[in-house]
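Structure record follows, encoded as structure tokens.
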Amino acid sequence: MRLLNRTTRKSHLTEAGARYYPRAQQLLSDLDDMDHQLVDLQTQARGRLRISAPVSFAIRHLAPLLSDFQRAHPAVGIDLQLNDRKVDIVEEGFDIALRIGHLKSSSLIARRVAPIRLVLCASPEYLKRHGTPQSLEDLKAHRYLRYSYLEQEAGASLLRWLPGHETQLDAVVENDFMSSDFASNNGDVLVEAAIAGAGLALQPTFISSTAIKAGQLQIVLAEHEPEPMSLYAVYAHRQLLASKVRSFVDFLDGYFGDPPYWDRFD
């Protein structure tokens, strides 16, 4: 069967060739991938690893991990870029991105690294002045410190309460029960504002746990805690996955513990 039509100046695929080519290309890629994995068994991970990571998580928790990783893989250089927006891994030239949220369907490959717990908290001084809410209805008397990216990126899904509760935090916010006079795209700022007595903040424990353990913040309405999110390692594709990327993803597995060390309040 003819796959190509040729002239003296150019050639183009026939209909049969157009169907044949992508399948053949995939088979060749799979063979190259197998060869690459065998070579990786004999070679050391090396080269520059470009990583994108959320600002607050990276500042608080990535430095020890990266130091330990480079100690295990000294031939790998690290280029860490901090940004809370979702970067385009391919267009912006990243090898891997750490992302927090509820993963949506995507052409990207993702591995779950750790659970991310969200808690509603406030300072003891704030609760002494304004009272500790005992139900969701009580939130109407309180000030809400809002993380803008949380609602922009995932909307109500990130604010959904645990199964079995008919009332949800997103419904509370939408109905303006809580006064949201303070919004920021940085969780550390909101946690510091909560410590200073500015209001209630819904924040991940990887940011707030230090203040909670120190008694600077107190968890409220724990029975209505939202469904946990997750930290994911996301990369572009499986074909010809570089040894440096595979080594880093494997190194992440279990590094933070189960539960993560920041969630151990004992």
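The values are calculated or read from the model by the stated rules, or taken from the named source; none is laboratory data. Just so you know, these numbers come straight off a predicted model, no measurement behind them. Please note: Cβ atoms are built from the backbone with ideal geometry, for glycine as well, and neighbour counts cover all protein chains shown. Side chains are part of the model used for accessible areas, which takes the heavy atoms of the whole protein and leaves out ligands, DNA and RNA. Shrake-Rupley method; radii C 1.70, N 1.55, O 1.52, S 1.80 Å.
If the cut-off is a Cα-Cα distance under 28 Å, which lysines reach residue 244, setting aside same-chain residues fewer than 8 apart in sequence? List returned: 86, 104.
With Cα atoms defining each centre, segment 183-245 and segment 73-149 are spaced 5 Å apart in the structure.
For residue 128, a cut-off of 27 angstrom between C-alpha atoms picks up these lysines, skipping any fewer than 8 places away in its own chain: 140, 213. With every protein chain in place and a 1.4 angstrom probe, the accessible-area ranking of 46, 143, largest first, reads 46, 143. Annotation: residue 107 carries an accessible surface of approximately 100 Å², with a 1.4 Å probe and no ligand, DNA or RNA atoms counted.
Stretching the chain fully between residue 108 and residue 138 yields a gain of 6.6 nm (0.36 nm per residue, less the alpha carbon separation).
The modelled label-to-label distance for the pair residue 30/residue 4, using points 7 Å beyond Cα in the direction of Cβ, is 2.4 nm.
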